[in-house]
Amino acid sequence: MGPFRRGLVLLLLLAAAGCGTSGIVGQGALRQEPDSEIPIYKRVVVNNTSLGRDIAVTDTRVAQTGDILQAAVTIESKTGSTLALQYKFVWIDAKGFEIDPGTGSWKPLTIYGRETRQLQGVAPRPAAIEFMLKIRRDQ
């Protein structure tokens with residue numbers, strides 16, 4: 001299965017799986033970095049319309065430092081209220097498997113009305129070529 005088809009299948013699975021969850025995994029784009037031999041994907045899929053009305057993903061960036069993938073996702077509050085959220089990055093290898101599943105913890109995030117924040121993550125291992133950012137309401 002080619003990288004585009006694998007990415008599309010993963011995007012569809014995330015959208016289907018996310019229908020019953022209470023978070024954001026964002027909106028996705030597939031992109032080849034100009035100076036990279038490996039296709040690097042960025043993904044953010046909205047799967048909760050309520051939270052999607054309160055938060056917008058305005059930018060995603062990815063870079064490689066040596067062999068390690070780094071990600072930055074900019075989110076913006078679309079409401080005047082303070083939001084208590086949690087987020088975590090999930091890292092995916094070239095075969096489409098999550099790297100170190102179950103080891104990443106949710107991090108607290110307070111975003112104030114109309115505030116813009118950049119969330120950053122660093123892959124735990126060089127095998128990561130893809131990331132997902134998950135955002136949910138604080139429980």
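The values are calculated or read from the model by the stated rules, or taken from the named source; none is laboratory data. Nothing here was measured: the structure is a model prediction, and the numbers come from that model. Don't worry about glycine lacking a Cβ; one is built from the backbone with ideal geometry, like all the others, and counts go over all protein chains shown.
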- Could you tell me whether Thr82 is closer than 14 Å to Ile24 by Cβ and among the hydroxyl-bearing types (Ser, Thr, Tyr)? no
- Task: May I ask you to verify whether Gly102 is surrounded by fewer than 19 Cβ atoms within 10 Å (Cβ to Cβ) and over 19 Å from Gly23 (Cα atoms)?
- Result: no
- Message: Kindly evaluate Asp138 against the criterion of being within 17 Å of Gly23 (Cα to Cα), modelled with pLDDT of 85 or more and either crowded, with 18+ Cβ neighbours inside 10 Å or touching a Pro at 6+ places or on another chain (Cβ under 8 Å) (or both).
- Response: yes
- Message: If I filter segment 105-122 for residues that are touching an Asp or Glu at 6+ places or on another chain (Cβ under 8 Å) and acidic (Asp, Glu), do I get at least one hit?
- Response: yes
- Item | Matching residues, segment 109-127, being within 18 Å of Ala71 (Cα to Cα) and not basic (Lys, Arg) | Leu109, Thr116, Gln118, Leu119, Gln120, Gly121, Val122, Ala123, Pro124, Pro126, Ala127
- Give the number of residues within segment 128-139 that are within 28 Å of Lys78 (Cβ to Cβ), over 12 Å from the mean Cα position of the chain (by Cα) and in a strand (DSSP E or B). 1
- Note on the structure: So the strands (runs of 3 or more DSSP E) completely within segment 73-127 holding 2 or more residues that are touching a strand residue (DSSP E or B) at 6+ places or on another chain (Cβ under 6 Å) and within 18 Å of Arg61 (Cα to Cα) are 83-93, 116-122
- Identify, from the list Thr116, Thr60, the residue that is touching a residue at least 24 places away in the same chain (Cβ under 8 Å), closer than 18 Å to Ile24 by Cα, among the β-branched types (Val, Ile, Thr) and surrounded by fewer than 17 Cβ atoms within 10 Å (Cβ to Cβ). Thr116
- Scan segment 74-91 for residues that are of a type in the set (Gly, Ala, Ser) and more than 17 Å from Pro108 (Cβ to Cβ) and jot them down. Gly80
